[in-house]
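Written below as structure tokens is the structure these notes are about.
Readers should treat all values here as calculations from the given coordinates under stated rules, not as data from a laboratory. What you see is a predicted model, and the numbers here were worked out from it, not measured in a lab. Here the Cβ is made from the backbone with ideal geometry for all residues, glycine too, and neighbour counts use every protein chain on show.
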Amino acid sequence: MNTELTASALPGQPFVAYQGSHLMVEGVRLADLAREHGTPLFVYSKAAMLTALAAYQRGFAGRKAQICYAMKANSSLAVLQVFADAGCGFDIVSGGELARVLAAGGDPAKVIFSGVGKTRAEMKQALQVGIGCFNVESDAELDVLSDVAVGLGKRAQVSLRVNPNVDPKTHPYISTGLKGNKFGIAHESAVQVYQHAASLPGLQVVGIDCHIGSQITEMTPYLDAMDRVLDLVAAVEAAGVPIHHIDFGGGLGINYNGDTPPEADALWGQLLAKLDARGYGQRQLMIEPGRSLVGNAGVCLTEVMYLKPGEQKNFCIVDAAMNDLPRPAMYQAFHSIVPVAPRSGNAVAYDVVGPVCESGDWIGRDRQLVVQSGDLLAVLSAGAYCMSMASNYNTRGRAAEVLVDGSQAHLIRQRESAFDTFALEQLVG
Ligand code: LLP
């Protein structure tokens with residue numbers, strides 16, 4: 001029996017809850033949304049996003065701070081609109097993301113442009129619309145950016161991404177602040193690279209930034225990284241290059257499976273105490289959170305198509321797949337899977353898998369479920385790095401998306417048709 005599921009909010013997701021036997025997002029029944037829009041379907045709670053943002057805003061109360069939502073986590077236009085309307089800037093990593101910010105009504109002056117491989121065309125596009133800052137990752141990129149800016153008669157504001165060489169204790173694919181990663185400028189060469197940046201005609205040095213990884217659930221790596229970054233601020237300023245802002249990246253984790261990351265305001269309480277103690281508390285601060293703003297604001301609804309009992313395993317074949325929810329296949333990530341309308345009966349262990357022709361196409365392994373074909377399941381914590389990483393593999397159209405606001409449900413992305421997936425292709429001759 002799943003009766004313990006029938007009365008309460010789900011762990012980590014205060015806006016996803018059972019009311020009686022109905023799983024709801026805010027005031028909307030998920031079964032109704034699936035009936036209206038089909039499955040797989042992503043459903044997001046606006047209140048959950050704003051509540052997650054409020055924890056950061058509380059943490060920064062009384063400080064000079066700009067929150068730049070790392071939109072790679074979920075770049076759907078209506079999601080960007082929620083954060084733009086709430087005063088956020090955006091951390092972007094491509095010209096495509098910049099175009100999305102503008103289409104969603106975001107302020108280009110609050111945009112920071114991260115990433116190791118910006119093209120000249122992207123730099124030009126960003127300078128023309130007047131973004132706030134480029135987070136630069138190498139000497140070579142500094143030269144190219146200066147050249148592009150001079151060509152436009154502009155000066156690009158730059159921050160250097162330094163690599164604090166701190167272990168964030170997360171999955172290797174999503175740790176970025178270690179020496180062996182492709183990201184950032186090595187601690188040892190930072191002063192020299194800053195001096196190079198300050199000497200270039202098309203650049204104005206404004207900041208320092210770091211980002212040590214993603215899905216970080218402990219405070220210590222952050223506190224260690226802050227110490228390393230502040231050591232560099234002192235060294236760079238002693239070498240004659242003033243640093244106006246400190247951008248501390250993103251990375252705060254969420255509760256997927258009993259994870260216990262600190263709340264954003266608690267984390268920043270500690271980080272600000274350190275900044276104050278070292279005399280940097282009044283600097284302009286920036287952060288780039290992604291997952292922690294949207295991850296637990298979203299679920300993915302999927303329908304059980306077939307149950308396939310086996311000698312070694314039972315499979316529950318659903319209509320969502322690795323193209324919709326790539327995180328399990330890519331990072332062996334865990335997402336809770338719960339019934340939209342719990343039924344009674346004896347739970348059976350299933351591997352929940354999609355229709356894609358790969359053994360890696362699984363969504364959850366060994367899950368205890370009471371299900372029949374035709375039932376709806378909700379894959380939880382699906383607001384971050386799911387739709388934004390979705391693909392058309394197996395010529396599967398990408399899912400539709402709904403944003404819930406109280407008792408209102410807004411369709412924010414239509415389901416892609418097969419035709420949409422090949423609309424840009426043509427036959428030869
Ligand atoms: N800033 C920079 C420079 C980043 O590279 C990232 C994420 C963020 C901010 C936002 O990090 P967040 O707050 O979301 O942890 N696809 C992976 C996560 C990749 C993260 C890449 N960088 C996943 O599904 O777990």
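I'm checking my understanding of the structure. Among residues of the range 220-269 that are small (Gly, Ala, Ser) and part of a helix (DSSP H, G or I), which one is nearest to the ligand (Cβ to nearest atom)? Don't jump to the end; show me each part of the working.
Step one: of the range 220-269, the residues small (Gly, Ala, Ser) are 225, 234-235, 238-240, 249-251, 253, 258, 264, 266, 269.
The next check asks that each one be part of a helix (DSSP H, G or I); those that pass are 225, 234-235, 238, 264, 266, 269.
Values: ALA225: 13, ALA234: 23, ALA235: 22, ALA238: 26, ALA264: 10, ALA266: 16, GLY269: 18 Å.
Among residues in the range 220-269 that are small (Gly, Ala, Ser) and part of a helix (DSSP H, G or I), the one nearest to the ligand (Cβ to nearest atom) is ALA264.
Can you tell me which residue within the range 361-407, out of those that are assigned to a strand (DSSP E or B) and within 16 Å of the ligand (Cβ to nearest atom), is nearest to the chain's Cα centre (by Cα)? Spell out the reasoning first.
Step one: of the range 361-407, the residues assigned to a strand (DSSP E or B) are 362-369, 376-379, 400-405.
Applying the additional criterion that residues be within 16 Å of the ligand (Cβ to nearest atom) yields 362-364, 379.
Working: TRP362: 21, ILE363: 19, GLY364: 21, VAL379: 17 Å.
So the residue we want is VAL379.
Can you say whether GLY96 is surrounded by fewer than 16 Cβ atoms within 10 Å (Cβ to Cβ) and within 16 Å of the ligand (Cβ to nearest atom), as far as the supplied structure shows? Spell out how you get there, then give the answer.
Working: surrounded by fewer than 16 Cβ atoms within 10 Å (Cβ to Cβ): yes; within 16 Å of the ligand (Cβ to nearest atom): yes.
Yes: the conditions hold for GLY96.
State the number of residues belonging to the range 272-303 that are within 16 Å of the ligand (Cβ to nearest atom) and out of contact with any strand residue (DSSP E or B) (no Cβ under 9 Å at 6 or more places or on another chain).
Residues in the range 272-303 being within 16 Å of the ligand (Cβ to nearest atom) and out of contact with any strand residue (DSSP E or B) (no Cβ under 9 Å at 6 or more places or on another chain): 1 in total.
Which members of the range 298-324 meet the condition of being assigned to a loop (DSSP other than H, G, I, E, B) and under 30 Å from LYS46 (Cα atoms)?
So the first thing to find is which residues in the range 298-324 are assigned to a loop (DSSP other than H, G, I, E, B), and the list is 309-314, 319-324.
Passing the criteria: ASP319, ALA320, ALA321, MET322, ASN323, ASP324.
Among the residues of the range 66-79, are any within 20 Å of PRO261 (Cβ to Cβ) and more than 16 Å from the ligand (Cβ to nearest atom)?
Our first condition is that a residue be within 20 Å of PRO261 (Cβ to Cβ); within the range 66-79, this holds for 67-70, 72-74.
Subset that is more than 16 Å from the ligand (Cβ to nearest atom): none.
Taking every residue of the range 66-79 in turn, none turns out to be within 20 Å of PRO261 (Cβ to Cβ) and more than 16 Å from the ligand (Cβ to nearest atom).
Which one of these is out of contact with any Gly (no Cβ under 8 Å at 6 or more places or on another chain) and surrounded by fewer than 16 Cβ atoms within 10 Å (Cβ to Cβ): GLY269, GLY240? I'd like the intermediate steps shown before the answer.
Details: GLY269 fails: out of contact with any Gly (no Cβ under 8 Å at 6 or more places or on another chain).
None of the others qualify; the one that does is GLY240.
Could you pull out the residue among VAL338, VAL356 that is in a strand (DSSP E or B) and crowded, with 16+ Cβ neighbours inside 10 Å? Step through it out loud before you land on a result.
Values: VAL356 fails: in a strand (DSSP E or B).
Among VAL338, VAL356, only VAL338 is in a strand (DSSP E or B) and crowded, with 16+ Cβ neighbours inside 10 Å.
Please determine whether any residue of the range 167-174 is within 23 Å of PRO201 (Cβ to Cβ) and part of a loop (DSSP other than H, G, I, E, B). Before the answer, list the steps.
We begin by selecting, within the range 167-174, every residue within 23 Å of PRO201 (Cβ to Cβ); these are none.
Among the residues of the range 167-174, not one is within 23 Å of PRO201 (Cβ to Cβ) and part of a loop (DSSP other than H, G, I, E, B), which makes the answer no.
Restricting attention to the range 105-117, does a residue exist that is within 21 Å of ALA264 (Cβ to Cβ), in contact (Cβ under 8 Å) with a residue 60 or more places away in the chain and outside any helix (DSSP H, G or I)?
yes
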